[in-house]
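Student: The structure under discussion is supplied below as structure tokens; questions concerning it will follow.
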Amino acid sequence: MTTQTWLVTGGAGFIGGNFVLRQMQKETLQIINLDALTYAGNLDTLESIQDHPGHVFVLGDIGDRNLIGYLLNRYEPDAVINFAAESHVDRSIDSPETFIQTNVLGTFQLLDASRDYWRSLPQDRAAKFRFLHVSTDEVYGSLGETGKFTETTPYQPNSPYSASKAGSDHLVRAYFHTYGLPVLTTNCSNNYGPYQFPEKLIPLIVYNAVNGKPLPVYGKGSNIRDWLYVEDHCRAIESVLDKGIPGEVYNVGGNNEKTNLEVVQTICNLLDELLPGSPYRPHHNLITYVADRPGHDLRYAIDATKISQLLGWEPLETFETGLRKTVQWYLNNQEWTARVMDGSYMGERLGLDESGN
């Protein structure tokens, strides 16, 4: 079979790393993996494929136009999949400029270099080329108690992070409508699973609970998110790459709406079961309510009807099955968590305003 080559950006991060690991199970695919290895990028995630002949890791930034151009011309990929992004809302409150640099300007450089490369391809290869941009449901803003985000929901980003992702989404759309670049965009709900940096809710709660530390819950814990197991998300991206129509947007959700408090309590119950000898049982006693995040969106929920009906994708994991797999993975891989909690981030609260609120 003919070997395809994909340029994957951000492939040492959480979602990108899981995606790359999944692709390396295929014998007909070469991955050029570009990652700047900022705090959330981690080569430990890729340890099992460090000697894989189909995986080429490149240390670099999507904002480096010369490097992007070199990689495109050197490896001649059939697709570019853009996972590279600063992604934590609390960090965007502290340092918004970094998010603009990577998510907006970096995406622009990647798009523009890809456009030049695509135009240089023979007609048959150009027709098959795809640029897939991975985005978030947070660009849509906040929902009330009812309704779900669809692909036509107006953008109303409320944090520097979501605003920067909205900007990148608009650039991707513009490069299709202006230049004809065959782009695809996915907007996903909250991902969870192995290899997630432990500032995010689920791995942080597991880490803190195992170590007897407080389990921080914002406000009353009533904010609602739709949870998507990362392997299901990777399958969705594969479906969009394979069958998606250029210029289209596909929302990817797990059909698992949970309040933050429900998530934390479920993790506590799992840890009570999986760690019967823990001195911190019952772990829910560690729950601590903290000041809410500034501008904290109340509820996100994805309507994934389009990708389901048109591309045949459905999530395989329920929240219960996916969370059990996830908690068990972090218990089995505490050395991985310890290595990424090496001093650059030690679980401190980010995203407070100047008054400490």
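Student: Name the aspartates and glutamates eligible as straight-distance cross-link partners of K243: C-alpha to C-alpha under 15 Å, and not fewer than 8 places from it in the same chain.
Tutor: The reachable aspartates and glutamates, counting only those whose Cα sits under 15 Å from K243, are D78, E314.
Student: Under the rule that an exposed site lies in a DSSP loop and has at most 13 other Cβ atoms within 10 Å, name the longest stretch of the chain with no GluC sites (Glu not before Pro) of that kind, not counting the sites themselves.
Tutor: Details: sites that count: E27, E145, E348, E354.
With GluC sites (Glu not before Pro) excluded where exposed in loops, the chain gives 146-347 as its longest stretch.
Student: Write down, largest first, the equivalent ellipsoid semi-axes of the range 25-145 in whole Å, where each equals the square root of 5 times an eigenvalue of the alpha-carbon gyration tensor. List each step's numbers first, then the result.
Tutor: Details: eigenvalues 141, 76, 46 Å².
Equivalent ellipsoid of the range 25-145: 27, 19, 15 Å, largest first.
Student: Measure up K128/K200; K26/K128; K128/K325; K148/K220; K128/K148 against 26 Å on the Cα-Cα distance and list the ones that go over. Walk me through the intermediate numbers first.
Tutor: Working: K128/K200 36 Å; K26/K128 20 Å; K128/K325 36 Å; K148/K220 22 Å; K128/K148 33 Å.
Check vs 26 Å cut-off fails for K128/K200; K128/K325; K128/K148.
Student: Determine by what factor the alpha-carbon radius of gyration of the range 1-45 differs from 2.2 N^0.38 Å, reporting the quotient.
Tutor: Details: Rg = 10.8 Å, N = 45, 2.2 N^0.38 = 9.3 Å.
Relative to the rule-of-thumb radius for its length, the range 1-45 sits at 1.16.
Student: I'd like the Kirkwood hydrodynamic radius of the range 152-202, using the inverse of the mean 1/r over distinct C-alpha pairs, in Å.
Tutor: Details: mean 1/r = 0.0754 Å⁻¹.
Result for the range 152-202 stands at 13.3 Å.
Student: Can I ask one more? Share of antiparallel DSSP beta bridges in the chain, in percent to the nearest 5? Write out the running numbers ahead of the final one.
Tutor: On the way: 3 of 41 bridges.
Around 5 percent antiparallel, to the nearest 5.
Student: Compute the separation of the alpha-carbon centres of the range 101-150 and the range 3-27 and state it in Å as a whole number.
Tutor: 17
Student: With Cβ to Cβ distances under 10 Å as the rule, what net charge do the other residues near W118 carry (K, R +1; D, E -1)? Could the numbers behind the result be given before it?
Tutor: Values: positive: R115, R119, R125, R130; negative: D116.
Residues near W118 contribute +3 overall.
Student: How many percent of the alpha carbon pairs in the range 101-141 exceed a separation of 17 Å?
Tutor: On the way: 367 of 820 pairs.
Tail of the P(r) past 17 Å holds 45 percent of the pairs.
Student: Calculate the tail of P(r) for the range 84-232: the fraction of all Cα-Cα distances greater than 20 Å, expressed in %.
Tutor: On the way: 6380 of 11026 pairs.
Of all Cα-Cα distances in the range 84-232, 58 percent exceed 20 Å.
Student: So, one more: Report, to two decimal places, the Cα Rg of the chain normalised by 2.2 N^0.38 Å (N = number of residues). Mind dumping the intermediate values first?
Tutor: On the way: Rg = 19.9 Å, N = 357, 2.2 N^0.38 = 20.5 Å.
Taking the Cα Rg and dividing by 2.2 N^0.38 Å, one obtains 0.97.
Student: What number in nm² do you get for the range 189-319 if you take the convex hull of its Cα atoms and divide its surface by four? Don't jump to the answer; show the numbers that get you there.
Tutor: On the way: hull surface 35.7 nm².
Hull-based average projected area comes out at 8.9 nm².
Student: Would you calculate a helix-derived [θ] at 222 nm for the chain, using -39,500 (n - 2.57) for each DSSP H run of n ≥ 4 and dividing by the full residue count, to the nearest 500?
Tutor: Using -39500 (n - 2.57) per qualifying helix, the result is -11500 deg cm²/dmol.
Student: Here's another thing I want to ask about it. Where does the Debye-calculated log10 I(q)/I(0) of the range 171-264 sit at q = 0.19 Å⁻¹, using only Cα point scatterers of equal weight, no solvent?
Tutor: Scattering profile of the range 171-264, log10 relative to I(0): -0.92.
Student: Taking 0.36 nm per intervening residue step and subtracting the Cα-Cα distance, what contour gain separates Q50 from R324 on full extension? Walk me through the intermediate numbers first.
Tutor: On the way: separation 274, 0.36 × 274 = 98.64 nm, distance 2.79 nm.
The Q50-R324 span can extend by a further 95.9 nm.
Just so you know, all these numbers are worked out from the coordinates, no wet-lab data involved. None of these values were measured; they are calculated from a predicted model. Positions of Cβ are backbone-derived with ideal geometry, glycine not excepted, and every protein chain shown enters the neighbour counts.
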